[in-house]
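Working notes, beginning with the structure itself.
Every number in this text was worked out from the coordinates using simple rules, so none of it is lab data. Everything numeric here is computed off the predicted structure, so don't read it as measured data. Here the Cβ positions follow ideal geometry from the backbone for every residue, glycine too, while neighbour counts run over all protein chains shown.
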Amino acid sequence: MNRPFEEDLDKLRTRLIRMGSLVEEQVEFALRALNEGNVELARIVAERDDKVDKLDLKIDKQCQRIFALNQPVASDLRLLLAALKINNELERIGDVAAELAQIVISKPHVVELGQDIGLDRIATAAYKMIKSSLDAFINNDPELARHILPTDSTVDSLYVQLHEDLVRHMQAEPSSVPAGANLLICLYDIERMADHATNIAENVIFLVHSKLVRHRMINDDGIDLTDPLAARAARDADSE
């Protein structure tokens with residue numbers, strides 16, 4: 001590998017890690033603002049969204065430049081493909097964090113209702129998924145990435161439960177409908193963030209193992225149940 005190419009890849013990875021750190025903090029601040037009604041934190045998230053967008057463009061342009069000037073193969077090609085996808089997922093997570101922040105700023109009555117239905121449960125679960133998926137990327141840890149995948153179903157279950165609780169609450173108290181409608185958006189946004197975290201984890205597995213795991217069934221132990229040998233080993237372990 002020629003030195004300029006190696007330096008470009010190192011710079012790309014460094015920028016992507018910086019993007020991940022920025023977005024993780026955006027999510028942390030947005031969810032804290034939503035759970036606590038902290039408008040100042042929400043304003044910080046809203047103001048920094050432009051910084052996320054600019055870094056997203058820099059990473060995209062850098063990937064395009066590397067593709068144009070080199071002919072990457074094998075692990076280098078996987079890094080570029082994964083970087084493009086992970087960067088896209090991070091930018092979308094950043095957008096969702098900014099949307100949550102705007103709701104806190106413009107619809108403060110949403111916060112109290114969120115506290116009443118236990119919104120912090122799904123917020124905590126989604127944040128842990130995002131943090132773990134970024135840790136998996138930074139540390140090239142496909143095992144951590146595999147164990148993230150089944151937790152998406154936990155967030156989905158919380159989403160369904162809280163959605164139903166919120167609808168019942170609005171039916172019982174019609175005056176809560178305006179706040180409830182905005183809180184439904186928040187619930188959907190948080191569930192989307194967990195989906196993006198899942199996609200990042202899948203790309204970490206692709207980056208390290210050159211293996212696509214999208215649309216596969218991953219159990220709580222991180223085992224791919226669509227792999228016949230892995231599925232049989234899982235069944236044998238359960239029967240012991």
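Here is how the numbers come out for the structure above:
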| quantity | calculated |
| --- | --- |
| Check on LEU184, of a type outside the set (Ser, Thr, Tyr), buried (at least 19 other Cβ atoms within 10 Å of the Cβ) and out of contact with any strand residue (DSSP E or B) (no Cβ under 8 Å at 6 or more places or on another chain) | no |
| The one condition in (1) in a helix (DSSP H, G or I); (2) touching a residue at least 40 places away in the same chain (Cβ under 8 Å); (3) surrounded by fewer than 19 Cβ atoms within 10 Å (Cβ to Cβ) that ASN88 fails to fulfil | (2) |
| Any hit, the stretch 30-44, residues being more than 18 Å from HIS196 (Cα to Cα) and part of a loop (DSSP other than H, G, I, E, B) | yes |
| Of all residues in the stretch 126-158 being under 11 Å from the mean Cα position of the chain (by Cα) and among the small types (Gly, Ala, Ser), the one that is farthest from LEU80 (Cα to Cα) | ALA126 |
| Selected residue [farther than 21 Å from GLY20 by Cβ, of a type in the set (S, T, N, Q) and not in a helix (DSSP H, G or I)] from GLN102, GLN71 | GLN71 |
| Enumeration of residues in the stretch 37-87 that are hydrophobic (A, V, I, L, M, F, W, C) and under 30 Å from GLU112 (Cα atoms) | VAL39, LEU41, ALA42, ILE44, VAL45, ALA46, VAL52 |
| Lone qualifier among ALA42, ALA83, ALA97 - being out of contact with any Asp or Glu (no Cβ under 7 Å at 6 or more places or on another chain), of a type outside the set (Lys, Arg), crowded, with 20+ Cβ neighbours inside 10 Å and within 21 Å of HIS209 (Cα to Cα) | ALA83 |
| Within the stretch 150-173, tally of residues that are in contact with a Ser or Thr (Cβ under 6 Å, 6 or more places away or on another chain) and either exposed (fewer than 14 other Cβ atoms within 10 Å of the Cβ) or under 19 Å from VAL204 (Cα atoms) (or both) | 1 |
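Here's the yes/no breakdown for (1) under 18 Å from the mean Cα position of the chain (by Cα); (2) among the charged types (D, E, K, R):
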| position | (1), (2) |
| --- | --- |
| SER21 | yes, no |
| GLU25 | yes, yes |
| LEU31 | yes, no |
| ALA74 | no, no |
| ASN87 | yes, no |
